[in-house]
Amino acid sequence: MDSTKFKSLIKKYGLIFMGTFLITFFLLITFNSKFNFPTFWGDVHIGKYIYLPFGSSVATACFVTVMIEAYKLFKHA
């Protein structure tokens, strides 16, 4: 993928993806001690107290971005 296609992809989907990633990341960190979420590949879980949900946040951000774009596509159909 050349740099112009990558830049247009980031310009189009980057804000939705990063916003969802950050919101999900902080929500998972905040509520992990209460709900003990299952981990995805890429999550860092050290002991009882350190949980960094990188994989879960990326998966959720991808899902939300695709769902928003699918909604936009089918709304016009």
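The values are calculated or read from the model by the stated rules, or taken from the named source; none is laboratory data. Owing to the predicted nature of the structure, the values given are computational and were not obtained by experimental measurement. For neighbour counting, all protein chains shown are included, and Cβ atoms are generated from backbone atoms with ideal geometry for every residue, glycine included.
Residues that are surrounded by 14 or more Cβ atoms within 10 Å (Cβ to Cβ) and not polar (S, T, N, Q) do occur in region 5-13. Could you pull out the residue among ILE68, ILE16 that is of a type in the set (Val, Ile, Thr), over 12 Å from the mean Cα position of the chain (by Cα), in a helix (DSSP H, G or I) and modelled with pLDDT of 90 or more? Matching residue, one of ILE68, ILE16: ILE68. For region 46-63, does any single residue satisfy the condition of being within 15 Å of the chain's Cα centre (by Cα), touching a residue at least 12 places away in the same chain (Cβ under 8 Å) and assigned to a loop (DSSP other than H, G, I, E, B)? Yes, there is a match, as at least one residue in region 46-63 is within 15 Å of the chain's Cα centre (by Cα), touching a residue at least 12 places away in the same chain (Cβ under 8 Å) and assigned to a loop (DSSP other than H, G, I, E, B). Could you tell me whether any residue of region 19-32 is among the hydroxyl-bearing types (Ser, Thr, Tyr), surrounded by 12 or more Cβ atoms within 10 Å (Cβ to Cβ), within 18 Å of VAL66 (Cα to Cα) and touching a helix residue (DSSP H, G or I) at 6+ places or on another chain (Cβ under 9 Å)? Yes - at least one qualifying residue is present in region 19-32. Of the residues in region 54-72, at least one is in contact with a strand residue (DSSP E or B) (Cβ under 8 Å, 6 or more places away or on another chain) and either surrounded by 10 or more Cβ atoms within 10 Å (Cβ to Cβ) or within 23 Å of LEU9 (Cα to Cα) (or both).
With respect to (1) aromatic (Phe, Trp, Tyr); (2) more than 13 Å from the chain's Cα centre (by Cα); (3) assigned to a helix (DSSP H, G or I), the lone exception for TRP41 is condition (3).
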